[in-house]
Amino acid sequence: MGTLLKRHRWIAPYALLAPGILWLLVFYVYPAFQMFVASFWSGSLEKGFTFSLANYTNYTEAIDQFAPQYLRSIVYAGAATVLTFLIAYPLAYTIAFKGGRYKNVLLFLVVAPFFTSFLLRTISWKIILGDTGILLGPIKELGLLPEDFRLLATPIAVISGITYNFLPFMTLPVYVAVEKVDFRLVEAARDLYAGPWRPGGGIAGALVAGGLAAVLGIVFAWPWPILAAGAALIGGAVGWFLVSESFIRVTFPLSLPGVFAGSLLTFIPAIGDYVNAEFLGNPDTRMIGNVIQNKFLTQNDYPVASALSFTLMAAILVLVTVYARILGTEELTTTGRV
Amino acid sequence: MSDNGTTRGLPAISRRQLLAGGTMAGFAAFLAACGTGGTATQAPSASESAAPAAASAEPSATASAEAAATPSAEVNWANWTYYIDVDAKDQTKHPTLDKFTAKYGTKVNYQEVIEDNQSFFGTIKPALEAGQDTGWDVVTLTDWMASKLVRLGWVEEFNLANMPNFTANIKDVYKGLAWDPEMKHHAPWQSGMTGMGYDPTVTGELTSLSAFFTPDPRWKGKTEYLTEMRDTIGLAMLYLGLDPTNPTRADADKAVAALQKAKKEGIVRDLKGNSYAEDLKAGDAVLAMAWSGDMVQALVDKPTLKFAVGSEGGMLWTDNSMIPKGAAHKGTAELLIDFFYQPEIAAEVEAYVNYICPVKGADEAMKALDPEIAKNPLIFPPDDILARLRVFGPLSEEDEAYFNEQFAKVLGVG
């Protein structure tokens, strides 16, 4: 064996790759192919299915009929990705730079919710967000919210759920990237007068936060002026106290690969997620994953369900390609521009 | 002996909850369908592991059409989980089945293998298609699947001479279904009602299904429908004065229009599988389309809740025992089905299961066993309520696809 390997050195990399490739072939390529074939079926479970290329109409039907759910999935997953970024970045930054000897404990805490099942974590949100639950109950008792106000069965609950469930997928890559930043670079930048931005930073932060709130408001038709004002206030405070020129010019660019990886790890699974929409939403918040689930398991319409899945894969591929082009693909493989 | 409600098995999990949780099992049907090429994969769980060699072991015992003068050594029964009595001390023992064995000397191979109708159908379909024994002598399936099997001609006809208790004790409400008018192919095992679950402290007394379609501030935004197509469409049809025992495509359109209108008016909070019971208890919902079996348990947890069958009617769903075509022990299977139509035996099962018993006289027998259960109108509904219940009619495969597609709109996925 040893001599064989020595004589044919070229085998080694393939031998090392073999288990992974075999795994992917059996559990990804084959089922994906099977599904692709199924997307050109017509017929029914009872009478059997037949394959024909003329059944490409499965795709037109899928896209035609379910455009709203596709769009909703993209919006929800996008909103959740932005939110996870806004929450995860300060978190990762704090752990990396201020964590000290508690770094490992803090990182463990980020992952700790994963010790509970995905389903249980989501269902427990129903208890938290319940109409008279621990969050809304006291506020309603004080009379600050109308009696019929609810969070459950709304887009807010679904996006919050996705954000919560995917937070570690954003936090960990960002942490790894931020942790690698050489703090001496930041110190050098500060020496060169890249200090806190006052008052300009505050205004910039307020504008960004206000704009984000406005977009969310338009998407969900909320009374967004109030929301925008609130977000502007928070954004302003963050910009005023925390964002400095050295952060914008040094730390953030160096951590971009982590942000890129984190946003893909969040966005891609989130867009196909159906658990949050199922448990925290209602019929008006169903995502494309719910449609596929219903088509597959309730209607037994395997052809259209397969076509829907493939369309989703194609859509994700396009979105990710565009995103990668904008952020620069080399960010994925290099540790950053210096 | 029985401290009511808690010893009745594992009360937190009802048969319908399992049904909802088991949807992933439906995937098995897809995998089976992937092998469309004709290489019908032999029903894996059913005929191999669970009922091994049922057909080959004793081919001579095939009683087929003749009366079972001599019961076979074993009989194989596929049923749902938590659907028969268990011994309080030994969860693996079923006292009523032991009594059957004591009487006939037949060992009952009772397997809780049915998780949902569709995927179980997937496991027996190849054998039935090929005209072979499925390995099961009795299968217990819900109305719509039962009618499908009958329609396909995959069910043995009962020899009613073997089934005197069944012919005498089956309740009238179950008789005369379009898909089996003479009851020669199916024998109801357990039923459940679909009606209105509500919190009268918030909504006041409710008697009409119209509440589900009225934007009253007391329950607007706190009303839930069921994700089960036949229940929600059925109740909508009853509200509209249509007949769910004979559903047409035009009915589906009207029902869906009414449901969509109610959604638009903000009455409906969501459509739920079983979790409506949790929502009723938590106060997130105050009115819900509800299953009687779940409500038995919910009422224990929150006694202010109520279950009612609307004045327009309610739905009745039933899981039915049937003998699949080519079953090896047909005669014994008939004896087994009939055995559970003795009121005392039926009452014993009912003391464990929270559903509705199709057997006349079981309520009387229950009085001796547990008077509390005998009084429970959700388990032994009075005749005037039973008379208002309707069974959703059979649908052809094309019509079923149409109904499901229309209902997907109500679910928000169509």
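The values are calculated or read from the model by the stated rules, or taken from the named source; none is laboratory data. Computed from a prediction, not measured in an experiment: that's the story for all the values here. Reconstructed Cβ throughout: ideal geometry from the backbone, glycine too, with neighbour counts over all protein chains shown.
Are any of the residues in the range A:229-248 on the phi < 0 side of the Ramachandran plot, out of contact with any Phe, Trp or Tyr (no Cβ under 9 Å at 6 or more places or on another chain), of a type in the set (Phe, Trp, Tyr) and not in a helix (DSSP H, G or I)?
No, that holds for no residue.
Which members of the range A:111-151 meet the condition of being aromatic (Phe, Trp, Tyr) and surrounded by 15 or more Cβ atoms within 10 Å (Cβ to Cβ)?
At the first step, the residues of the range A:111-151 found to be aromatic (Phe, Trp, Tyr) are A:114-115, A:118, A:125, A:149.
Hit for the range A:111-151 is A:Trp125, nothing else.
Would you confirm, using the coordinates I've provided, whether B:Asp216 is surrounded by fewer than 24 Cβ atoms within 10 Å (Cβ to Cβ) and closer than 27 Å to B:Val413 by Cα? Before you say what the answer is, go through the steps one by one.
On the way: surrounded by fewer than 24 Cβ atoms within 10 Å (Cβ to Cβ): yes; closer than 27 Å to B:Val413 by Cα: yes.
Answer is yes for this residue.
Hey, among A:Leu280, A:Leu216, A:Leu297, which residue is modelled with pLDDT under 80, crowded, with 19+ Cβ neighbours inside 10 Å and closer than 24 Å to B:Arg269 by Cβ? If you could, list the steps in order and put the result at the bottom.
Details: A:Leu280 fails: modelled with pLDDT under 80; A:Leu297 fails: modelled with pLDDT under 80.
Exactly one residue qualifies, and that residue is A:Leu216.
For residues that are within 14 Å of chain A (Cβ to nearest Cβ) and surrounded by fewer than 20 Cβ atoms within 10 Å (Cβ to Cβ), scanning just the range B:151-171, find the one that is nearest to the chain's Cα centre (by Cα). Working first, answer last.
Step one: filter the range B:151-171 for residues within 14 Å of chain A (Cβ to nearest Cβ), giving B:151-154.
Among the residues that remain, those that are also surrounded by fewer than 20 Cβ atoms within 10 Å (Cβ to Cβ) are: B:151-153.
Details: B:Arg151: 19, B:Leu152: 20, B:Gly153: 21 Å.
Among them, the one singled out is B:Arg151.
Identify, from the list B:Thr123, B:Thr70, B:Thr96, the residue that is over 30 Å from A:Asn294 (Cα atoms), hydroxyl-bearing (Ser, Thr, Tyr) and modelled with pLDDT under 95.
Working: B:Thr123 fails: over 30 Å from A:Asn294 (Cα atoms); B:Thr96 fails: modelled with pLDDT under 95.
Among B:Thr123, B:Thr70, B:Thr96, only B:Thr70 is over 30 Å from A:Asn294 (Cα atoms), hydroxyl-bearing (Ser, Thr, Tyr) and modelled with pLDDT under 95.
Could you check the range A:44-68 and list, in sequence order, the residues that are within 12 Å of chain B (Cβ to nearest Cβ), more than 18 Å from A:Ser309 (Cα to Cα) and free of Cβ contacts under 8 Å to residues at least 60 places away in the same chain?
Residues satisfying the conditions are A:Glu46, A:Lys47, A:Gly48, A:Thr50.
Can you name the residue in the range B:243-271 that is surrounded by 19 or more Cβ atoms within 10 Å (Cβ to Cβ) and in a loop (DSSP other than H, G, I, E, B) and is also nearest to the other protein chains (Cβ to nearest Cβ) among such residues?
Per the criteria, the residue is B:Ile267.
Restricting to the range B:181-204, name every residue that is surrounded by fewer than 19 Cβ atoms within 10 Å (Cβ to Cβ) and at pLDDT below 95.
Pass one, the range B:181-204, residues surrounded by fewer than 19 Cβ atoms within 10 Å (Cβ to Cβ): B:181-182, B:184, B:200-204.
Hits for the range B:181-204 are B:Pro181, B:Glu182.
Could you list all residues from the range B:376-414 that are under 30 Å from B:Val353 (Cβ atoms), part of a loop (DSSP other than H, G, I, E, B), out of contact with any Asp or Glu (no Cβ under 9 Å at 6 or more places or on another chain) and within 14 Å of another protein chain (Cβ to nearest Cβ)?
B:Leu395
How many of the residues making up the range B:189-228 are within 14 Å of chain A (Cβ to nearest Cβ), part of a loop (DSSP other than H, G, I, E, B), among the acidic types (Asp, Glu) and more than 15 Å from B:Ser292 (Cβ to Cβ)?
Residues that pass the stated criteria total 2.
Return yes when A:Val105 is over 19 Å from the mean Cα position of the chain (by Cα), away from chain B (no Cβ under 14 Å) and surrounded by 15 or more Cβ atoms within 10 Å (Cβ to Cβ) and no when it is not.
Numbers: over 19 Å from the mean Cα position of the chain (by Cα): yes; away from chain B (no Cβ under 14 Å): yes; surrounded by 15 or more Cβ atoms within 10 Å (Cβ to Cβ): no.
In short, no.
Name the pairs: first residue in the range A:286-307 and more than 7 Å from chain B (Cβ to nearest Cβ), second residue in a helix (DSSP H, G or I) and of a type in the set (Phe, Trp, Tyr), Cβ to Cβ under 7 Å, at least 6 apart or on different chains?
Final answer for the pair search is A:Met287/A:Tyr76; A:Ile288/A:Phe66; A:Ile288/A:Tyr70; A:Ala305/A:Phe296; A:Ala307/A:Tyr59.
Condition first: closer than 30 Å to A:Phe260 by Cα and more than 21 Å from the chain's Cα centre (by Cα). Can you find one or more residues in the range A:5-15 that meet it? Walk me through how you get there before you give the answer.
Let us first name the residues in the range A:5-15 that are closer than 30 Å to A:Phe260 by Cα, namely A:13-14.
Checking which are more than 21 Å from the chain's Cα centre (by Cα) leaves us with A:13-14.
Within the range A:5-15, one or more residues are closer than 30 Å to A:Phe260 by Cα and more than 21 Å from the chain's Cα centre (by Cα).
Could you grab me the full set of residues in the range B:290-320 that are crowded, with 23+ Cβ neighbours inside 10 Å and either within 14 Å of chain A (Cβ to nearest Cβ) or among the acidic types (Asp, Glu) (or both)?
B:Asp294, B:Asp319
Every residue in the range A:108-142 that is more than 21 Å from the chain's Cα centre (by Cα), of a type in the set (Ser, Thr, Tyr) and away from chain B (no Cβ under 14 Å), please.
none
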